[in-house]
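Peer 1: One structure, as structure tokens, below. Some questions next.
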Amino acid sequence: MAAAAAPVERAEAPLPGFDLERVRADFPILARRVHGRPLVYLDNAATTQKPRAVLAAIARVYEESCSNVARGVHTLSGEATALYEGARATVARFLGAADPSEVVFVRGTTEAINLMAGAWGRARVGEGDEVLVTGLEHHSNLVPWQMLCAEKGARLVVAPLDDRGDVIVEELERRLSPRTRIAAVAHVSNALGTVNPVRRIADLAHAVGATVVVDGAQGAPHLPVDVAALGCDAYAFSGHKIYGPSGIGVLWARRELLAAMPPYQGGGGMITSVTFEDTEFGDPPHRFEAGTPAIEAAVGLAAALDYLEGIGRERAAAWEKALLDEAVARLADLPAVTLIGTPRERASVVSFALAGAHPHDVGTVLDRRGIAVRAGHHCAQPVMERFGVPATTRASFAFYNRRDEVDALIDGVRAAAELFA
Amino acid sequence: MSTDLSDLYQEVILDHNRRPRNFGPLPAANRSARGHNPLCGDKVTLFVRVEDDRVEEIAFEGSGCAISMAAASLMTEALKGVPVAEARTLFEGFHRLVTSRPGEPVEVPAELGKLAVFAGVRDYPVRVKCATLPWHTFNAALAGAPERPVSTE
């Protein structure tokens, strides 16, 4: 519970050049009503809504160029291949990658991390080695490493959080050793909103020779991403959390890493020659893309990234941050509210507990007002345990949210507080 | 409070959530089971003393949302002193009540008594499991406590 200090500052109007109402009109779903009220979508950390440009790009693949990729000599196959590989180039630009061949299309962040654990981890982690994670990881950046460690007789080492929900970097440093093979850290915590100091962690981990894998599921949609500046070796994110379709995601990894990695799955599209005796595997990225990929989803993801470029990422991010800061301050001012996590740097997410009310009930009260939030453990049970709560209510913002949606959230939380007082 | 929530959060439910009845351990219990809803983290442990095919004593511990806590509390009130066969009938009646189709008229069996306050739950399909968790846990306790907790998933 925070004492009211200065009056809360309202989010300023969006920066010039960012026309909020026009942007909202690009997202058809934002016009719908829920339980008779306008939809207030504040569950963007779970998934984001999709602009028309993405929906149209997906439809266009099916309507005009539906074909398999890299498998035919006919015109449609050539077009589909060009679209798919063009999407790869768009992702590479978005991430500041050295080359499109460093971009592997996968189903999502979870598969990307499983690929890293299964291919790189299996080859590099042995008995007595260590894999370091932080205390704020989503299960998807925890369980694959746990499984790897169990298989190899390696040790999973956890860098703890302080009471604000920030990783204690000194403690992390103390836990690095010459046995640390991999350091796997989130860019942004999905449960607390904490922005991790990835560059600093990467430098420390590299000093002991570890490979740095970043879970960017919440980072890529809300922060500028430049993999070179972040200093990581691999970066994973999901299409559906960055205004693109579900079923598509990205593993970016440095070329040398991918080149040294054995295949993850076997099948079509990842080989150069196959006999019954032996198979010669193709080069990255195709080596890691066995089977027909989610072609239209990759194209849809590229359309989402183009859309973000088009509306201006910095301006969009500035608006989103202004809304988040206002929501955090106003929630902290409510006497019944305890913020879960007060990190020094925060993106998109605010998690809180309401005295006397279980998050599930808060979620239902808000839902009846048309407000979508997440109530639960956010697939980050160790984070919940760290803060001594079974679950939290979480509001997560995107650039298409409005100021009156912050008002609606605060009114709804007040109503829940009254109901369960 | 928004009026359309009062069908779910009836005063009786809010009251049992604030002050759950029969809450705590039951040293004399000869049946117990744990229930868990992994989706929202609701947890309930049920203690029952059955004698001569009758629920002589019943208590619960746990934490969870208002619906699951009130469901557990009201269930223990409804089942205390009730023959096991009748308890099973109550379970079935309760289950039908909360899983009947939203909006359709539903006949509330008289024997459900106070449990009828849960009729509103059927209009909130994502909350049905909150209400049924304690009842499934009770069934598991009668069947003999399994090693793993009863899960709604």
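Peer 1: Taking segment B:11-38 as the region of interest, how many residues are assigned to a loop (DSSP other than H, G, I, E, B), buried (at least 18 other Cβ atoms within 10 Å of the Cβ) and within 14 Å of chain A (Cβ to nearest Cβ)?
Peer 2: Qualifying residue count for the region: 1.
Peer 1: Let me ask you something else. Pairs, please: C-beta under 8 Å, at least 6 apart or cross-chain, first residue in a helix (DSSP H, G or I) and in segment B:110-137, second crowded, with 19+ Cβ neighbours inside 10 Å and among the charged types (D, E, K, R)?
Peer 2: Note: pairs meeting the criteria are B:VAL121/B:ARG127; B:VAL128/B:ARG122; B:CYS130/B:ASP42; B:LEU133/B:ASP42; B:THR137/B:ARG34.
Peer 1: Can I ask one more? Sort through A:VAL383, A:VAL299, A:VAL373 and tell me the only one that's more than 25 Å from A:PHE27 (Cβ to Cβ) and in contact (Cβ under 8 Å) with a residue 40 or more places away in the chain.
Peer 2: Answer to the check: A:VAL383.
Peer 1: Quick one: in segment B:87-102, of everything that is more than 14 Å from chain A (Cβ to nearest Cβ) and either touching a strand residue (DSSP E or B) at 6+ places or on another chain (Cβ under 9 Å) or in a loop (DSSP other than H, G, I, E, B) (or both), which residue is nearest to B:CYS130 (Cα to Cα)?
Peer 2: Checked segment B:87-102; the qualifying residue nearest to B:CYS130 (Cα to Cα) is B:SER100.
Peer 1: So which pairs qualify, if the first residue must be in segment A:58-75 and in contact (Cβ under 8 Å) with a residue 12 or more places away in the chain, the second must be basic (Lys, Arg), the Cβ gap must be under 6 Å, and the two must be at least 6 apart or on different chains?
Peer 2: Note: no pairs meet the criteria.
Peer 1: Still on this model: In segment A:400-421, what residues are crowded, with 23+ Cβ neighbours inside 10 Å and over 15 Å from A:PHE352 (Cβ atoms)?
Peer 2: Scanning segment A:400-421 gives A:TYR400, A:ASN401.
Peer 1: Just to check your reading of the model, which residue among A:ARG175, A:ARG179 is touching a Gly at 6+ places or on another chain (Cβ under 9 Å), basic (Lys, Arg) and modelled with pLDDT of 95 or more?
Peer 2: A:ARG179
Peer 1: Still on this structure: I'd like to check something: does segment B:126-138 contain any residue that is of a type outside the set (Lys, Arg), within 14 Å of chain A (Cβ to nearest Cβ), surrounded by fewer than 21 Cβ atoms within 10 Å (Cβ to Cβ) and farther than 23 Å from B:PRO27 by Cα?
Peer 2: Yes.
Peer 1: For residues that are assigned to a loop (DSSP other than H, G, I, E, B) and within 14 Å of another protein chain (Cβ to nearest Cβ), tally how many sit in segment B:39-53.
Peer 2: Within segment B:39-53, residues that are assigned to a loop (DSSP other than H, G, I, E, B) and within 14 Å of another protein chain (Cβ to nearest Cβ) number 3.
Peer 1: Quick check: is even one residue across segment A:384-397 surrounded by 24 or more Cβ atoms within 10 Å (Cβ to Cβ), of a type outside the set (A, V, I, L, M, F, W, C) and either more than 26 Å from the chain's Cα centre (by Cα) or facing another protein chain (nearest Cβ under 9 Å) (or both)?
Peer 2: The answer is no; no qualifying residue exists.
The values are calculated or read from the model by the stated rules, or taken from the named source; none is laboratory data. None of the values given here were measured: they were computed from a predicted structure. Cβ: placed from backbone, ideal geometry, glycine included. Neighbour counts: every protein chain shown.
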